[in-house]
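In what follows, a single structure is set out as structure tokens and then discussed.
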Amino acid sequence: MVKKFARPGANSSTVRLELTPLIDTVFNLLIFFAVSTTLISSRTGLPVDLPQAKTAETQKSKVMVSVDRDGRIFYEESPVTAEELEVRLKQAFAQQPQVLVIVNADRRVVYDRVVQVLDVARSAGISNLALAVKKEKPAEESPTKTP
């Protein structure tokens, strides 16, 4: 004789899968990835006031060189001199010959300083150069009244 051991009132043929813990776990994972992807941003350099252009584009593989309002030069986010910039750009060029150098210059900086940074990049052997700009907002048209 075979005896079954079960809780009183429990039907052994019915199995329930509780979805509440599964939904909680998936929701927590969703929140984690949403928050972590917003914290991982592309390198933007220093916060400078960029000029605007209608043909602005974004690039993925790049080295940011910034020139702030006072004419100071930054490689990524580290302040450098023109000589240090050339050394770092030569290192970046040695690692990746097709490196794109984006010059992120404040629009109020003296033009001569931007040309100096471009010249340093060219002397480091880099031919892929770009100037960072903000995409210009389209002009808003005023609604016309119809009679």
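When each of GLY71, GLY45 is tested for being at pLDDT below 70, surrounded by 11 or more Cβ atoms within 10 Å (Cβ to Cβ), closer than 28 Å to LYS135 by Cβ and of a type in the set (Gly, Ala, Ser), the lone residue that passes is GLY45. Of all residues in segment 76-113, those that are within 22 Å of the chain's Cα centre (by Cα) and of a type in the set (Phe, Trp, Tyr) total 1.
A quick yes/no check of all residues on (1) in contact with a Phe, Trp or Tyr (Cβ under 8 Å, 6 or more places away or on another chain); (2) crowded, with 19+ Cβ neighbours inside 10 Å:
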residue	(1), (2)
GLU76	no, no
ARG88	yes, no
PRO97	no, no
VAL101	no, yes
VAL115	no, no
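Screening ASP119 on (1) of a type outside the set (Phe, Trp, Tyr); (2) in a helix (DSSP H, G or I); (3) under 12 Å from VAL48 (Cβ atoms); (4) out of contact with any strand residue (DSSP E or B) (no Cβ under 6 Å at 6 or more places or on another chain) shows it passes everything except condition (3).
Figure legend. Inter-residue proximity from segment 130-142: first residues surrounded by 12 or more Cβ atoms within 10 Å (Cβ to Cβ) and part of a strand (DSSP E or B), second residues modelled with pLDDT under 80 and acidic (Asp, Glu), beta-carbon distance below 8 Å, spacing 6+ or different chains. No pairs are indicated.
Taking ARG113, is it closer than 21 Å to PRO47 by Cβ, basic (Lys, Arg) and either assigned to a loop (DSSP other than H, G, I, E, B) or touching a Lys or Arg at 6+ places or on another chain (Cβ under 6 Å) (or both)? For ARG113, the condition - closer than 21 Å to PRO47 by Cβ, basic (Lys, Arg) and either assigned to a loop (DSSP other than H, G, I, E, B) or touching a Lys or Arg at 6+ places or on another chain (Cβ under 6 Å) (or both) - is not met.
The values are calculated or read from the model by the stated rules, or taken from the named source; none is laboratory data. Just so we're clear, the structure is a prediction, and the values are computed from it rather than from any experiment. No Cβ is skipped: glycine too gets one built from the backbone with ideal geometry, and neighbour counts run over all protein chains shown.
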